[in-house]
Amino acid sequence: MSETDTFGMPIGDPGGGNFEYTNEGLPQCIFLAAVPVSDIDKGLEFYRDLLGMEVMYRNDREAGLRRESARIVLRLSKNCGVDTGIYMGVDDPYDLHRRLIDEGVTFVQDPTREPWGVSTSFRDFDGNVIRVIEMKAPIRP
């Protein structure tokens, strides 16, 4: 009987040899984030029209959007109005803050310096908290 790991899978190369793992299969980025919404159409209005995201697909239960490398899925849910924990990268949080203030969006936090850069947070149409942070800021303790 061969040696197995805790999941019952053979250890080593399935072809019979042993090898050491390096970086194969390890996470490289946050590829996609899901946001709960009560209404897909209202979600599209907010994320497409206010945040400039492009609709990649839409069905009765969800819609996928993206802008550059930012990707989100709006999923119908009864549990909206949550702190998503999502930070979207932007060139300048002050510019986004000014733009969304003009659109009547409610902010939870005005632009504030944090170790990762300047960030701000706002509520979408369902009250979900979304954060943005400057992408090119140096990390400061």
Candidates per GluC sites (Glu not before Pro) in region 31-112, loop by DSSP, up to 12 other Cβ within 10 Å | GLU68, GLU103
Neighbour-limited loop hits for chymotrypsin sites (Phe, Trp or Tyr not before Pro), region 36-141 (at most 10 other Cβ within 10 Å; DSSP other than H, G, I, E, B) | none
Give the long-range amide H neighbours of VAL37: residues separated by 5 or more places, or on another chain, with amide H under 5 Å away, using H modelled in the peptide plane at 1.01 Å from N.
-> ARG75, LEU76, SER77
Binned at 5 Å from zero, the C-alpha pair distances of the chain give percents of 2, 9, 15, 18, 15, 10, 6, 7, 7, 6, 3, 1, 0, 0
Measure out, as a whole number of angstrom, how far apart the alpha-carbon centroids of region 18-44 and region 47-84 sit.
-> 14
Considering the chain as a Gaussian network with a 10 Å cut-off on Cα pairs, which listed residue, GLY64, GLY25, GLY52, attains the greatest mean-square fluctuation?
-> GLY25
For the pair ILE101 and ARG113, the simple spin-label estimate (label points 7 Å beyond Cα toward Cβ) gives in nm 1.9
Calculate one ³J(HN,Hα) per residue across region 54-67 by plugging θ = phi - 60° into the Karplus curve 6.51 cos²θ - 1.76 cosθ + 1.60, and present them in order as whole Hz with x for glycine and proline.
-> 8, 6, 8, 7, 7, 9, 5, 10, 7, 9, x, 10, 8, 9
Assuming R0 = 30 Å, what is the FRET efficiency of ASP41 and TYR94, from their Cβ-Cβ distance, to the nearest 0.05?
-> 0.50
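Where a number appears in this text, it was derived from the coordinates with a stated rule and is not lab data. All of these numbers come straight from a predicted model, not from anything done at the bench. For neighbour counting, all protein chains shown are included, and Cβ atoms are generated from backbone atoms with ideal geometry for every residue, glycine included.
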